[in-house]
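Heads up, the thing below is written out as structure tokens.
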Amino acid sequence: MSEVLGTLEELPLDYRADMTAAGVAPLWPMMRNVLPHGAPHPVTQPGHWAFEALRPLLLRAGELTPVEKAERRVLVLSDPGRGTGAMQATASIYIGMQLLLPGETAPAHRHTASAVRIIVEGKGGFTVVDGEKLPMEEGDLVLTPAGEWHDHGHEGTEPVIWLDALDLPVLYTMEGSYAEEAPLQAQRNRPDASQVEYLSAGLAPARKLGAQTRRYPMMRFPWARTEQALREMAKWAGDAPVEMDYVNPETGGDILPIMGFTAIMLRKGEKLSPDLTSASAVFHVIRGKGRSTINGAEVSWRAKDTFSAPVFAAIDHVAEEESFLIRIHDRPMQEKLGYYEERKR
Ligand SMILES: [Fe+2]
């Protein structure tokens, strides 16, 4: 197998012109771009977005642009490898930071992309998904899966800020991305499923023969319970990493088709050097302080910061304080496509 393939410049000009006229191009000069040897060559570069820098910019957006003019008042966290304005933090994951001011609402809508919010700051915000009112408390994970109607509201007195994670780059690349709008939804008069049907791991509402469960039975994963679960696990984990995947309580499978979510607890002083994986990742810091090296680039992070890692990145985390992170990744999609992979360091 030849390491060096022929180039376009080696070909006679008249032949190149004839190919262009016929609407074809030779594969060999560009083959290594699409089929590199051994591992992909990601465009994505490690990124770090300090909340300290984003917060004032978001609040200013609240003064400059009324929500009716923005519809969603969001600052997009762009992958440094693609440049500011890129609608992706990694090849498959879009990340935005959204501001909702007291009294504001976002109209009901649904889209083909799936979205997840991680609440960063503020009280009183809520999302209604499929008629179910989901309170948004700091660290909560709230799903708005593809095709589900959702709208946002704010009953509190302070700004509410949350992180949006969407599989939008995948849907957009597939030319499958669009949205629909509707009037605000009627709300069911009861707490959300995380407080009713799925209060306890391992227990689900009794299933009658042939009865269908909802495809997305639980839309809200309260942070308080996630942290409690991580802390219990840490007590018995010895030196093993303390990580928990968010799963569908009916199936035990991924909570969404494309994106996956893993909560991580790092004990003070703990170092974590995970295996390389084919999944790209965005880390959001719920609480704590530390630093991470991603392909040699050092990131000093603190609570509410966000940072990213390309596919097969060498990642080393060090916690300077007890820390909690959520890792957003694309493993569910890669497993469906049959190429998810982990490699020892
Ligand atoms: Fe939405």
The aspartates and glutamates whose Cα lies under 12 Å from the Cα of residue 133, excluding any fewer than 8 residues away in the same chain, are 151, 192
Cα shape, the stretch 136-258, gyration tensor, a/c 1.5 rule:
rounded
The alpha-carbon center of the stretch 1-31 and that of the stretch 179-210 are separated, in whole Å, by 57
At a probe radius of 1.4 Å, what is the per-residue accessible area of residue 35, in Å² to the nearest 10?
110
Counting only protein heavy atoms, what percent of the accessible surface of the chain is carbon or sulfur at a 1.4 Å probe?
55
Ordering 340, 216 from largest to smallest accessible area (1.4 angstrom probe), what's the sequence?
340, 216
On the full set of protein chains, 1.4 Å probe, figure out the accessible area of residue 233 and give it in Å² to the nearest 10.
70
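Sorted by accessible area (1.4 Å probe), largest first, how do 134, 5 line up? Let's see the in-between values first.
Numbers: 134 0, 5 50 Å².
Descending order: 5, 134.
Between Rg and the Kirkwood Rh of the chain, both from Cα atoms, what is the Rg to Rh ratio? Don't skip to the end; give the middle numbers.
Working: Rg = 22.2 Å, Rh = 21.9 Å.
For the chain, the value is 1.02.
If you count only protein heavy atoms with a 1.4 Å probe, what accessible area per residue comes out for the chain, rounded to a whole Å²? List each step's numbers first, then the result.
Working: 17640 Å² over 345 residues.
Ligands and nucleic acids excluded, the result is 51 Å² per residue.
Quick one: of 268/289; 235/268; 69/304; 235/344; 123/304; 268/304, which pairs are farther than 20 Å apart, Cα to Cα?
Details: 268/289 9 Å; 235/268 14 Å; 69/304 27 Å; 235/344 27 Å; 123/304 15 Å; 268/304 18 Å.
Checking Cα-Cα distances, 69/304; 235/344 exceed 20 Å.
The values are calculated or read from the model by the stated rules, or taken from the named source; none is laboratory data. Predicted model, so just to flag it, every value in this text is computed and none were measured. All accessible areas refer to the heavy atoms of the entire protein, side chains included, with ligands and DNA or RNA removed. Shrake-Rupley method; radii C 1.70, N 1.55, O 1.52, S 1.80 Å.
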